[in-house]
Amino acid sequence: MIDPLRLSIEEALLRELNPIKFQKCAIELLSTIYPSLVLISGGQDFGRDGLVAPASGSSFPIVCTTSNRVLENLRGSLSRYAAYGAKGGPVVVATSTRITPLRQQHLEEAAQEHRLERSQAAKPRKLGMRLSAAAASHA
């Protein structure tokens, strides 16, 4: 049986969202997976909305977008990140847009074009499950 709260959250994620609030929420939710994740906001973020700095290994960016133009947003972010001097490593994309397997492939190809590893997309369904779990734990 589908959790009605999770279903409501997933539906809400598909509506027009405040990009700043989405970014903050996505970073907070992803910090449960990446404990060293920090929010980067403002105009001098070098294409990063968040940054994971693991104890071992290189740091890598989180790119958040509520735009339907996820691929273009990722490419622009990765170009700015590369211009900043970043080389290699993974990238995580958090989006409110549905990601089909073909769109996922295009995101991965964009990451590889910038010499980054395959991208991971935090999809609306996964974010909805995390929001549902977070809401349940605060009830």
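The values are calculated or read from the model by the stated rules, or taken from the named source; none is laboratory data. None of the values given here were measured: they were computed from a predicted structure. Cβ atoms come from the backbone with ideal geometry, glycine included; neighbour counts cover every protein chain shown.
Values for this structure:
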quantity	calculated
Residue among G47, G76, G57 that is of a type in the set (G, A, S) and touching a Ser or Thr at 6+ places or on another chain (Cβ under 7 Å)	G47
Segment 35-44, residues that are over 12 Å from the mean Cα position of the chain (by Cα) and either under 23 Å from R80 (Cα atoms) or surrounded by 13 or more Cβ atoms within 10 Å (Cβ to Cβ) (or both)	S36, V38, I40, S41, G42, G43, Q44
Residue that is closer than 19 Å to Q23 by Cβ, modelled with pLDDT of 80 or more and of a type outside the set (A, V, I, L, M, F, W, C), where the choices are G43, G57, G50, G128	G50
Any hit, segment 20-33, residues being hydroxyl-bearing (S, T, Y), in contact with a strand residue (DSSP E or B) (Cβ under 9 Å, 6 or more places away or on another chain) and buried (at least 21 other Cβ atoms within 10 Å of the Cβ)	no
I2 vs. criteria among the aliphatic types (A, V, I, L, M) and modelled with pLDDT under 80	yes
